[in-house]
Amino acid sequence: MEKPEDALEPALAAWRIEPDNQWYLAEYIRALKNLEMYEGLIGCGDYIRGGGVCRYYLAVAERELDICPSSSVEYLLTTSACDDDSAAADACVWLAVLLGNEVEADSIIALFETAAALAPDVIFYRCMLAEKLAENGETERSREQLHFMRLEGSTGYSYWQACASLAEAEEDMDRRIWALRKARNSRICPETSRNLGWTLYVSGRDALREGEILLSREHLWEAASLGDSQEIYVHKADSLLELIHEFENSIPDSH
């Protein structure tokens, strides 16, 4: 899905083979969203059942096309108050994601808290809550959520991403790098490599400014090894490594 233009046809083919499979539909309409083909996405609306990520994508398309009122937002609002705990929790989460930049942080946190309370066994919801709490500066509450999840044995991608968010809020670069490494080990993909790569680049750049050459080289080298030359963080890391190399070669041999 890093290249939606390449993913579009295979996702459509998979969905056509199993038209009742909402996961295949989600992959197809996600490619449409990433390509900003909103009209085509709206055309898939009749095939979307229930809430979930498909409904979220449809809501995004409706907003981009200025369709007001948004039937998908209304659906999520109604479902978030229904008697089906699982459906209500899912609706709360996607409402929180959809409205994240439009309403107060406290309201978004309340939606994530509701989802976590309605479906306490769904770790993803609690991780989203922990991340939002950290972003909002409520680090103690975020730490409590992560502590409970850790006691329950959570060690997956979403958990480590939340740990990285908390470390960032607490300005603990070493712990953030450690958590992002864990997240990447849980799910090796361009996104996790990019998250770790950028963080390592920033750490390496700052270490270089402080004169910590060995630490800088270590982090920049690791960043450069995580992606191809088309990645901006790889290019920047390579440039700083070349600068370090030129600097060290310019120092006269004392012997």
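The values are calculated or read from the model by the stated rules, or taken from the named source; none is laboratory data. Quick caveat, the model's predicted, so the values are computed rather than measured. We place every Cβ from the backbone using ideal geometry, glycine too, and count neighbours over all the protein chains shown. Quick note on the areas: whole protein, heavy atoms, side chains included, nothing else; ligands and nucleic acids left out. Shrake-Rupley method; radii C 1.70, N 1.55, O 1.52, S 1.80 Å.
Taking the Cβ-Cβ separation of LEU65 and GLU170 as r and a Förster radius of 51 Å, what is the calculated FRET efficiency to the nearest 0.05?
Step by step, r from the Cβ atoms, then E = 0.80.
Which of the three applies to segment 165-232, rounded, prolate or oblate, going by the alpha-carbon gyration tensor with a ≥ b ≥ c and a/c under 1.5 meaning rounded? Show your work: numbers first, answer last.
On the way: a/c = 2.12, a/b = 1.16, b/c = 1.83.
Oblate, since a/c reaches 1.5 and b/c is not below a/b.
With each run of n ≥ 4 DSSP H residues scored as -39500 (n - 2.57), what mean residue ellipticity at 222 nm is computed for the chain after dividing by its residue count and rounding to the nearest 500 deg cm²/dmol?
On the way: 14 runs with 186 residues, N = 255.
Only helices count here, giving -23000 deg cm²/dmol.
Between ASP6 and SER154, what is the FRET efficiency for a Förster distance of 25 Å, r being their Cβ-Cβ separation, to the nearest 0.05?
After rounding to 0.05, the efficiency reads 0.15.
I'd like the Karplus ³J(HN,Hα) series for segment 50-60: coefficients 6.51, -1.76, 1.60, θ = phi - 60°, whole numbers in Hz, and an x wherever there's a Gly or Pro.
Along segment 50-60, the couplings run x, x, x, 5, 4, 5, 4, 4, 5, 4, 4 Hz.
Ignoring ligands, DNA and RNA, what percent of the accessible area of the chain is carbon or sulfur (1.4 Å)?
50
What accessible area per residue comes out for the chain, rounded to a whole number of Å², with a 1.4 Å probe?
56
How about LYS132: which aspartates and glutamates have a C-alpha closer than 18 Å to its C-alpha, ignoring those fewer than 8 places off in the same chain?
ASP90, GLU102, GLU104, ASP106, GLU113, GLU140, GLU144, GLU168, GLU170, GLU171, ASP172
Using a 10 angstrom Cβ neighbour count of at most 16 plus a DSSP loop assignment to flag exposed GluC sites (Glu not before Pro), which longest range of the chain is free of such sites?
Within the chain, the longest run free of exposed GluC sites (Glu not before Pro) spans 37-101.
With a ≥ b ≥ c the root eigenvalues of the C-alpha gyration tensor of segment 49-197, is it rounded (a/c under 1.5), prolate (a/b larger than b/c) or oblate?
It is prolate, given that a/c is not under 1.5 and a/b is the larger ratio.
Do any trypsin sites (Lys or Arg not before Pro) in segment 169-214 lie in a DSSP loop with no more than 14 other beta carbon atoms within 10 Å, and if so, which? Mind dumping the intermediate values first?
Details: sites: ARG175, ARG176, ARG181, LYS182, ARG184, ARG187, ARG194, ARG205, ARG209; in loops: ARG187.
Listed in order of number, the matching sites are ARG187.
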